[in-house]
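One structure is given below, encoded as structure tokens.
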Amino acid sequence: MIKSTLYCLTKKDIPKAVESLKDAFDNDPLWAEVFKDVPDKGKALSAFFTIPLLYGMKFGKTCATAPSTEGVAVWVPGKYADMSMWGMLRSGALLYGMKIGKEAVHNLAIVSKQTGHKRKRLMKNQAYIYLTIIGVSSSAQGKGFGSKLMDTIKQECDNEALSLYLETEKEENLSFYKKHGFTVLEKINLPKLDLPMWLMLRNPR
């Protein structure tokens, strides 16, 4: 059994974790497209990445590889995979959702509608864990931080006999996830944004 050595984030850690995620996803094609018309992109991205951190603290887990937050991950039970208005209000994330900008909110709605619909269909009547986000700052990539996060999450899923579900928008990420036991359930194309996304699942061991 793998003993978790992850650091559970608190609200005081959020600013540092947000900067790590902004750096980790700096060249991400999906978020570049979603936020391309936002006047203050940096401020909007800070609000955007704060949302899953707060949401995970309330409904799941929000952890880092260490207090220095080189790697950050959020995972929640599948029943909380869709961030409802009520869930965002309860977690304190709703305020940050209002800081993203109308155009970005519109684009995010396209993403969430498509991925949410597919996830509900693929995982119907199944209990599972949803990996909301996982990211490693660019200077720390390739040093095992992503695997440290993933190994702990996988162990928790195995202990509870739960599958682990995620979405990724970068084809280059597939090899990392496949190394950790994930398989591609489906590849989709996001309407209007015209970008691909891979829906992946790891069954418990």
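Kindly indicate which of Arg121, Arg205 is more than 21 Å from Asp28 (Cα to Cα), loosely packed, with under 13 Cβ neighbours inside 10 Å and in contact with a helix residue (DSSP H, G or I) (Cβ under 6 Å, 6 or more places away or on another chain).
Arg205
Only one of Asp26, Asp37 is at pLDDT below 95, more than 25 Å from Gly144 (Cα to Cα), over 12 Å from the mean Cα position of the chain (by Cα) and assigned to a loop (DSSP other than H, G, I, E, B); which?
Asp37
Please work out which residue is farthest from Arg205 (Cα to Cα), limiting yourself to segment 154-169 and to residues that are more than 13 Å from the chain's Cα centre (by Cα), surrounded by 15 or more Cβ atoms within 10 Å (Cβ to Cβ) and of a type outside the set (Gly, Ala, Ser).
For segment 154-169, the residue satisfying everything is Glu156.
Just to be sure I understand, how many residues within segment 79-99 are within 18 Å of Thr115 (Cβ to Cβ), surrounded by 14 or more Cβ atoms within 10 Å (Cβ to Cβ) and of a type in the set (Ser, Thr, Tyr)?
Count: 1.
Looking only at segment 94-137, which residues are more than 17 Å from the chain's Cα centre (by Cα) and of a type in the set (S, T, N, Q)?
Asn125, Gln126
Would you check if Val76 is in a loop (DSSP other than H, G, I, E, B), buried (at least 18 other Cβ atoms within 10 Å of the Cβ) and of a type outside the set (S, T, N, Q)?
No; evaluated as a whole, the condition is false for this residue.
Is it the case that Lys99 is outside any helix (DSSP H, G or I), out of contact with any strand residue (DSSP E or B) (no Cβ under 8 Å at 6 or more places or on another chain) and more than 25 Å from Met197 (Cα to Cα)?
Yes, satisfied.
Could you give me the residue pairs with C-beta distances under 9 Å whose first residue belongs to segment 177-205 and is on the phi > 0 side of the Ramachandran plot, whose second residue is of a type in the set (S, T, N, Q) wherever it lies, and which are 6+ apart or on separate chains?
Filtered contacts from segment 177-205: Gly181/Asn203; Lys192/Asn107.
Determine whether segment 152-161 contains at least one residue that is modelled with pLDDT under 95, closer than 22 Å to Ser68 by Cα and out of contact with any helix residue (DSSP H, G or I) (no Cβ under 7 Å at 6 or more places or on another chain).
Checked segment 152-161: no residue is modelled with pLDDT under 95, closer than 22 Å to Ser68 by Cα and out of contact with any helix residue (DSSP H, G or I) (no Cβ under 7 Å at 6 or more places or on another chain).
Residue by residue, here is whether (1) surrounded by 21 or more Cβ atoms within 10 Å (Cβ to Cβ); (2) among the hydroxyl-bearing types (Ser, Thr, Tyr); (3) out of contact with any strand residue (DSSP E or B) (no Cβ under 8 Å at 6 or more places or on another chain) holds:
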residue	(1), (2), (3)
Leu21	yes, no, no
Ala24	yes, no, no
Asp28	no, no, yes
Ile51	yes, no, yes
Lys58	no, no, yes
Cys63	yes, no, no
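Kindly indicate the residue of segment 178-197 that is part of a loop (DSSP other than H, G, I, E, B) and at pLDDT below 95 and also surrounded by the fewest Cβ atoms within 10 Å (Cβ to Cβ) among those meeting that condition.
By that ranking, first place goes to Asp194.
Given (1) within 21 Å of Met197 (Cα to Cα); (2) assigned to a loop (DSSP other than H, G, I, E, B); (3) of a type outside the set (S, T, N, Q), where does Ala66 come up short, assuming only one miss?
Tallying (1) within 21 Å of Met197 (Cα to Cα); (2) assigned to a loop (DSSP other than H, G, I, E, B); (3) of a type outside the set (S, T, N, Q), Ala66 fails exactly one: (1).
The values are calculated or read from the model by the stated rules, or taken from the named source; none is laboratory data. Only a predicted model underlies this, so the values are computations on that prediction, with no experimental measurement involved. Neighbour counts run over all protein chains shown; Cβ positions are idealised from the backbone, glycine included.
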